[in-house]
1. Which residue, E41, E16, E225, tops the fluctuation ranking in a GNM of the chain built on C-alpha contacts under 10 Å?
2. If the chain between A68 and V128 were fully stretched, how many nm would it gain, using 0.36 nm times the residue separation less the Cα-Cα distance?
3. Please work out the FRET efficiency for the pair D11 and C90, using the Cβ-Cβ distance as r and a Förster radius of 41 Å; give the result to the nearest 0.05.
4. Keeping all protein chains in position, work out how much accessible area T105 exposes to a 1.4 Å probe, and write it in Å² to the nearest 10.
5. Rounded to whole Hz and in sequence order, give me ³J(HN,Hα) for segment 19-29 from the Karplus expression 6.51 cos²θ - 1.76 cosθ + 1.60, θ = phi - 60°, writing x for Gly and Pro.
6. What's the extension gain from R54 to R216 if we count 0.36 nm per residue and subtract their Cα-Cα distance?
7. So for the chain, taking the charge dipole from beta-carbon charges (+1 Lys/Arg, -1 Asp/Glu), which of I42, G117, I226 sits furthest toward the positive end?
8. Taking the solvent-accessible surface of protein heavy atoms with a 1.4 Å probe, what is the per residue accessible area of segment 113-220 in Å²?
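The values are calculated or read from the model by the stated rules, or taken from the named source; none is laboratory data. These numbers come from a predicted model, not from an experiment. Using ideal geometry, Cβ is built from the backbone for each residue, glycine included, and neighbour counts are taken over all protein chains shown. The area values use the complete protein model at the heavy-atom level, side chains included, leaving out ligands, DNA and RNA. Shrake-Rupley method; radii C 1.70, N 1.55, O 1.52, S 1.80 Å.
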Amino acid sequence: MAPWELRIVLDRLYEEFNRREFVHPDPIEFLYGYDDPADREIVGLVASSLAYGRVAQILKTVSSILAAMGDHPSRFVRDASHDRLTAAFCGFRHRFTTEEELVHTLLGVQDAIREHGSLEKTFMSGAVAGDRTVTRALCRFAEAINCRFRDGCNSLIPHHDKKSSMKRLNLFLRWMVRRDRVDPGGWDGISPGALVVPLDTHLFRIARGLGFTERRSAGLATALEITERFRGLSPDDPVKYDFALTRFGIRAELRNRDLSYLLPSAGSAGS
């Protein structure tokens, strides 16, 4: 399939599936209840950082955290003491993520907001003019949030050693930077053209089926390679098709094999 033909098909998928009715179950739905970008960025970071494992458990876990934070999560994080956070999340567990990791991550967020004013400004403090993608700034952002961890490692925010595809943080950026019928936006300082695809197993299989990569692992190099291929189709918005494509294999009524009718070259993406 020629690039122009692929772009037409992907645009058709975008128009059909990039809609709110195809969101649930997806942790992005938590962001829709917060109009203030200060609250939305906290909710987005929490929801994206916990977006691993069974989706039903993810939604349950995020719901419990937001309930403890109250109506204004940004105010809660900004003002909470270590003791208050420990009391609020006593006994917390989400697969590998412990109560201590959650508390220290939120304290790291608190430190960043107190220093820079917001998570967006924290991110922008690490941005370098001329960078083609957000990757370097995202590594610095992760380092800032992980400041409370001795070795910078935990199960919520990836270590900035560039081995990880940083899928969950790239997902967070997609939510906060893009604005359309699904992604609510809220951050204005980052160009959508610099975003990197949040590379999960679904998109990885589809991208291999499309011939966008021959790599066998979904690391950062693979995410950047796939992003470049999407940039060739949508230069100003390379992650435009992410949501629509990842509906296949996530929603019960859609399967990866259904893509073979729309994208014949993706027929090997699996079932």
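1. Greatest mean-square fluctuation among the candidates belongs to E16.
2. Going from the current span to full extension adds 18.0 nm.
3. Efficiency at R0 = 41 Å is approximately 0.25.
4. Only protein atoms counted, so the area is about 10 Å².
5. Karplus values, whole Hz, x for Gly and Pro: 9, 4, 5, 9, 6, 5, x, 7, x, 4, 4.
6. Value of the extension gain: 56.0 nm.
7. The one lying farthest along the dipole's positive direction is I226.
8. 45 Å²
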